[in-house]
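Take a look at the structure set out below.
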Amino acid sequence: MTTTPPTTSPRPVAERHLFGPGPCNPYPEATLALAAPLLGHLDPDFLAVMDETCDLLRYVWGTDNRRTLPLSATGSAGMEAAFVNTVSPGDVVVVAVNGLFGERMVDVAGRHGAEVVRVDHAWGTPVDAERVAAAHPSPKIIAAVHAETSTGVRSDIAALAAVKGDALLLVDAVTSIGGIELRADDWGVDIGYAGTQKCLGVAPGLAPFTISDRAFERRVEKPSSWYLDLGLLGGYVGEASGAGKRTYHHTAPTAMVASLHAGLRRIADEGLEKVWDRHAEAGRLLQDGLEEMGLELFAQEGSRLPELTTVRVPDGVDSAAVRGYLLERHNLEIGAGVGEFASTVWRIGLMGHNARPDRVALVLAALEDALAHTH
Ligand SMILES: *Cc1c(COP(=O)(O)O)cnc(C)c1O
């Protein structure tokens with residue numbers, strides 16, 4: 001039996017600049033909220049925070065869906081909830097695959113018994129709505145990733161909605177929400193999930209989720225996941241109002257919800273469209289700066305995400321050595337590539353509070369220094 005605690009090793013105290021694919025450095029308001037006195041999950045004061053958080057989530061999703069709530073887990077649980085609540089064995093699900101997260105949707109939908117029809121696209125290119133529509137005459141669900149974090153590509157969700165027919169449109173908005181234009185209702189998104197640690201500028205831990213009435217009516221009555229059952233979760237958030245009507249399902253992570261609330265409040269105070277503009281400007285400055293350094297961008301021109309830039313590692317440069325140098329010398333994290341591009345592409349995120357011109361200057365200068373010192 002261990003009777004003494006393990007000796008602790010010194011922990012770094014310097015703040016990291018988080019310019020990878022997420023998490024990013026949170027908005028200061030979101031960090032401060034984590035230090036506020038903790039509330040119980042049925043405390044009327046907390047329920048007011050939860051209600052307002054759901055209202056603010058409707059604002060950033062661009063939806064009136066009453067079932068809009070933060071799930072108590074990271075973005076991947078949003079993906080799991082989306083499929084487990086809507087797929088019965090044998091249901092046809094068409095998945096547009098243009099990167100890692102589309103690939104993951106294929107896996108998750110298949111685990112829940114879907115007959116998956118995948119429509120593959122070259123990595124670095126956006127989803128082609130016509131090809132997706134032609135893949136099957138009457139799928140139950142069409143699924144796609146709005147912002148592919150693995151490749152830095154934006155796909156046109158409105159174009160997919162225009163060809164979805166009677167299918168439900170299921171969208172991964174983990175890296176788009178709070179960063180680029182997202183209008184779930186105007187576009188015709190039926191089911192959407194997101195995460196807190198990308199452009200919403202909050203620590204990882206919650207999955208903002210939304211589902212239309214139309215999709216909810218077609219859901220699986222008793223999904224194989226108890227924890228992510230939207231029917232049960234609705235008794236606590238989204239449908240009920242007033243403390244007396246809430247039924248206990250699981251203990252909501254109250255500190256994280258308070259932090260999300262503060263991050264969303266910050267976005268609303270700045271104005272969502274202004275926040276999108278700020279991301280667009282930061283991304284443009286970064287991408288121009290990288291090209292001026294002679295580097296080549298990876299994502300197809302015209303479909304590049306401002307919040308996540310993919311850039312090719314120059315020939316003869318050791319990708320990992322550069323990332324190691326940036327972390328050690330500059331306390332600055334950027335991401336490696338994914339899959340086949342693991343060592344040939346870097347991913348640079350400018351999300352949430354990091355989507356600012358001074359952050360762009362910082363990352364460009366650090367990268368220039370790293371390239372000069374890691375041959
Ligand atoms: C990060 C990410 C996820 C997964 O979210 P986690 O919070 O890591 O579970 C899913 N989809 C996309 C597009 C992402 O960028």
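The values are calculated or read from the model by the stated rules, or taken from the named source; none is laboratory data. Everything numeric in this text was worked out from a predicted model, so none of it was measured. Cβ sites come from the backbone with ideal geometry, for glycine too, and all protein chains shown count toward neighbours. These accessible areas exclude ligands, DNA and RNA; they are computed on the full protein's heavy atoms, side chains included. Shrake-Rupley method; radii C 1.70, N 1.55, O 1.52, S 1.80 Å.
FRET efficiency for the Ala36 to Asp369 pair, using the beta carbon distance and R₀ = 41 Å, is estimated at 0.60.
Taking the accessible area of the chain, probe 1.4 Å, and keeping the other protein chains in place, the carbon and sulfur fraction comes to 52%.
Taking 0.36 nm per residue of separation and subtracting the Cα-Cα distance, what length does fully extending Asp43 through Asp318 add?
Working: separation 275, 0.36 × 275 = 99.00 nm, distance 5.32 nm.
Computed gain between Asp43 and Asp318 is 93.7 nm.
The distance linking the range 270-285 with the range 1-55 is 25 Å (Cα centroid to Cα centroid, whole angstrom). Each of Glu291 and Arg111 was given a label point 7 Å from its Cα along the Cα-to-Cβ line. The distance between the two points is 4.0 nm. Modelled spin labels at Asp213 and Leu362, positioned 7 Å past Cα toward Cβ, are 4.6 nm from each other. Annotation: amide H of Asp91 within the under-5 Å range of Glu115, sequence separation 5 or more or interchain, hydrogens built in the peptide plane. Among the lysines of the chain, pairs at least eight places apart or on separate chains and with Cα atoms under 23 Å apart come to 4. Each residue of the range 363-372 was assigned a 3J(HN,Hα) from its phi angle through the Karplus expression (A = 6.51, B = -1.76, C = 1.60, θ = phi - 60°), giving 6, 5, 5, 5, 5, 4, 4, 5, 5, 6 Hz with x at Gly and Pro.
Calculated on the alpha-carbon coordinates, the convex hull of the range 44-119 measures out at 115 cubic angstrom per residue. Based on Cα contacts under 8 Å between residues 6+ apart, the chain shows a relative contact order of 24 percent. Close amide H partners of Val345, meaning residues 5 or more places away or on another chain with modelled amide H under 5 Å apart, are Val313, Gly337. Rounded to whole numbers, the Karplus 3J(HN,Hα) couplings from phi for the range 62-76 are x, 9, 9, 3, 5, 8, 10, 7, x, 6, 8, 4, 7, x, 4 Hz, using 6.51 cos²θ - 1.76 cosθ + 1.60 with θ = phi - 60°, and x at Gly and Pro.
Charges at C-beta only: +1 for Lys and Arg, -1 for Asp and Glu. How large is the resulting dipole of the range 28-269 about its Cα centre, in Debye rounded to 20? Don't skip to the end; give the middle numbers.
Details: 20 positive and 29 negative charges, 52 e Å.
So the dipole magnitude of the range 28-269 works out to roughly 260 debye.
Restricting the calculation to Cα atoms, the range 212-362 shows an Rg/Rh of 1.11 when the hydrodynamic-style radius is the Kirkwood one.
For the chain, a Gaussian network of Cα nodes joined below 10 Å ranks Thr151, Thr254, Thr53 by mean-square fluctuation, and the top entry is Thr254. Between the listed residues Leu170, Leu71, Thr247, the Cα displaced farthest toward the positive end of the dipole of the range 28-269, a dipole computed from Cβ unit charges relative to the Cα centre, is found at Thr247. In summary, the chain shows an alpha-carbon radius of gyration equal to 1.00 times the 2.2 N^0.38 Å reference for compact globular proteins.
3J(HN,Hα) couplings calculated from phi for the range 26-32 with the Karplus curve 6.51 cos²θ - 1.76 cosθ + 1.60 (θ = phi - 60°) are, in sequence order, x, 4, x, 4, 5, 5, 4 Hz; Gly and Pro show x.
When +1 charges are put on Lys and Arg Cβ atoms and -1 charges on Asp and Glu Cβ atoms, the dipole computed for the range 162-238 relative to its Cα centre reaches about 160 debye.
Ligands, DNA and RNA are left out, and with a 1.4 angstrom probe the accessible area of the chain is 42 Å² per residue. The alpha carbon centroids of the range 332-375 and the range 126-179 are separated by 28 Å.
Rounded to the nearest 500, the helix-only mean residue ellipticity at 222 nm of the chain stands at -11000 deg cm²/dmol, with each DSSP H run of n ≥ 4 adding -39,500 (n - 2.57).
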